[in-house]
Amino acid sequence: MSNRIIQRLDWIRQDFALTPDTYKALVEGFRAECVKGLNTASASGLATMIPSYVTRLPTGHETGTYLALDLGGSTLRVCAVKLLGNGQVHVTEVRRLITDELRKTNTTAFFDWIADCVEELCALLPNETRDTTASMAMGVSWSFPLDQIGICKGTILRMGKGFTLTGGIDGQDLATLFLQAFRRKGLRVVVTAIINDTIGALVAHAYSNPRARVGFIYGTGVNAAYPEKVSRIIKLNIAEWQDTATEMLINTEIDIFGNESYLPLTRFDRALDASHAQPGFQPYEKMMSGAYLGELARLVAVDLVNTQDLFNGHVPALLKTPWSFTTAHMSELEGYPQDERLVGRVSELLQFSAYQPSQADIHAMLEICVMISTRAATLAAAAIAAIIEQQTFEPDQDIVIGVNGTTFEMYPAMPERIHQALEQWFGETMAKRIRLEVARDGGSIGAALVAMLYQEE
Ligand code: BGC
């Protein structure tokens, strides 16, 4: 590598590095926003610290079959979840990818498409489950902000993740949209519980490990949930809840947290935000979640190409178009064996035509990925640290965090990097108590469990 590229990479690395002071400001900033969100009555527009109305967690002994629907940024899953009573479940599922066209369609057409999938699932169920005169209860996991005012009542806020449904979706009651779509298809299914996917991750993980106290989603998007003392949820009518529950799960919507005063934004973060369809929305998420890491890496690489420091000034096809280099590509690069095969693989992946990248080019590209993914891990750890600090734990109590999402599960060494950043913050002794455990299928299993917990209400 030439001295010049080494120096330029050093500068960029410094931009992306989080110093102990920046990290402290992040954790404190997140905590202050938690307190502010709990105290802010109105949840219109962009709401954070949203009460879920879920006040108990499963024990792992529950049984029965419940329907669940999990709408994420890229996939719709409709399931029948059979709780086996020993912390285990059996899932029958219909899964569909959400195309770009669907993300932009009319709201009614979108919900009709969902109802078609539910109809398909119902056809797979055994006759004794289907042939009942009663409606089947369904739990819904909604991976988008929702202003929730009851266990199955909430109005849709801005959707994010590339959804721009037409026909006025913002402000509509979610359960009603489902009910109307199911009625149009003649389906006897009724939504009895609505949760955010991060609440789902916590509830689902609690079914297999009742010590779980944080649910964390780290995939296309990011978010966290935890049980908060009812007495501190000022935005609730506390008097109404105090006699029935001591804790309620809170959907933090931490993705929306953050502002210039404590988020260490680089010029690349600002450029990404400016080119996004929703500038200013979800600033923290844009710095670290799976939807964005690839584009950040692309912006850095193109910057170095433009000054002739990388690839001798040649932009490979994959880096030409915004958003075409993805987090999955970065993940592949970082995970690929670091030997003589790497140059060939990277050239193929980035789609060079006339130029043959050098070893130095490939190492620089890899460095870019590492600095962005390492910052992402540290930012994830800052959110987890803040949510841990929001709670009180016994001195020897394990701190179990159920994590769901492809960035956590698939990106090379992501769990280790997050844990290391937590250790730097909390110290070795406390870090030993912090367990980052995979909460698989959090949304659907969590939604089924909440439908079960609240079936009679
Ligand atoms: C959404 C959250 C969701 C998170 C993880 C964010 O973009 O706003 O509601 O929980 O992604 O899926």
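Restricting to the chain, what percent of DSSP beta bridges are antiparallel, rounded to 5? About 60 percent, rounded to the nearest 5. The order of Trp241, Trp425 by accessible area, most exposed first and with a 1.4 Å probe, is Trp425, Trp241. Is the shape of the chain rounded, prolate or oblate, going by the alpha carbon gyration tensor and its root eigenvalues a ≥ b ≥ c, with a/c under 1.5 for rounded and a/b larger than b/c for prolate? It comes out prolate by the Cα gyration axes. Report, in degrees rounded to the nearest 10, the 0 to 90 angle that the Cα long axis of helix 174-184 makes with the longest principal axis of the chain. It works out to around 70 degrees.
Calculated [222 nm] ellipticity per residue, helices only, for the chain: -13500 deg cm²/dmol; basis is -39500 (n - 2.57) per DSSP H run with n ≥ 4, divided by all residues, nearest 500.
Once you charge only the Cβ atoms, +1 for Lys and Arg and -1 for Asp and Glu, what is the size of the charge dipole of the range 74-230 about its Cα centre, to the nearest 20 debye?
Working: 17 positive and 14 negative charges, 55 e Å.
Taking the Cα centre of the range 74-230 as origin, the dipole is about 260 debye.
Report the net charge of residues surrounding Phe111, where surrounding means a beta-carbon distance below 13 angstrom and charges are Lys +1, Arg +1, Asp -1, Glu -1. Taking every other residue near Phe111 into account, the sum is -1. Across the accessible surface of the chain, with the other protein chains kept in place and a 1.4 Å probe, carbon and sulfur atoms take up 51 percent.
Think of each Lys and Arg Cβ as +1 and each Asp and Glu Cβ as -1; about the Cα centre, that makes the dipole of the chain roughly 440 debye. Over all projection directions, the Cα-based convex hull of the range 291-438 averages an area of 9.7 nm².
Across the protein chains, with a 1.4 Å probe defining accessible surface, the residues Thr108, Thr407 rank Thr108, Thr407 from largest area downward.
Restricting the trypsin sites (Lys or Arg not before Pro) of the range 133-227 to loop positions (DSSP other than H, G, I, E, B) with no more than 10 neighbouring Cβ atoms within 10 Å leaves nothing.
Each part gets one Cα centre, and for the range 387-447 versus the range 144-194 those centres are 30 Å apart. With respect to the chain, whose longest principal axis is taken over its alpha-carbon atoms, helix 20-39 is tilted by about 20°.
Charges were assigned to the Cβ only: +1 to each Lys and Arg, -1 to each Asp and Glu. The resulting dipole of the range 175-313 about its Cα centre is roughly 640 debye. Between helix 414-426 and the chain there is an angle of about 90 degrees, using the helix long axis and the longest principal axis of the Cα atoms.
Please list, by residue number, every one of the chymotrypsin sites (Phe, Trp or Tyr not before Pro) in the range 144-228 that is coil in DSSP and has at most 16 other beta-carbon atoms within 10 Å.
Working: sites: Phe163, Phe178, Phe182, Tyr207, Phe216, Tyr218; in loops: Phe163.
Those that pass, being in a loop and sparsely packed, number zero.
Restricting to DSSP loop positions (anything but H, G, I, E, B) with no more than 13 other Cβ atoms inside 10 Å of their own Cβ, which chymotrypsin sites (Phe, Trp or Tyr not before Pro) remain in the range 17-82? Taking the range 17-82 and a limit of 13 other Cβ atoms within 10 Å, no loop chymotrypsin sites (Phe, Trp or Tyr not before Pro) are found.
Of the listed pairs Lys104/Lys235; Lys161/Lys185; Lys286/Lys320, which have alpha-carbon separations greater than 22 Å here? Long pairs (Cα-Cα over 22 Å): Lys104/Lys235; Lys161/Lys185.
Place +1 on the Cβ of every Lys and Arg and -1 on the Cβ of every Asp and Glu in the chain, take the dipole about the Cα centre, and give the residue among Gln278, Ala431, Leu293 whose Cα lies farthest towards its positive end. Among Gln278, Ala431, Leu293, the one farthest towards the positive end of the dipole of the chain is Gln278.
The values are calculated or read from the model by the stated rules, or taken from the named source; none is laboratory data. Please read all numbers here as calculations on a predicted model, not as lab measurements. Cβ atoms come from the backbone with ideal geometry, glycine included; neighbour counts cover every protein chain shown. Accessible surface areas use protein heavy atoms only, side chains included; no ligands, DNA or RNA. Shrake-Rupley method; radii C 1.70, N 1.55, O 1.52, S 1.80 Å.
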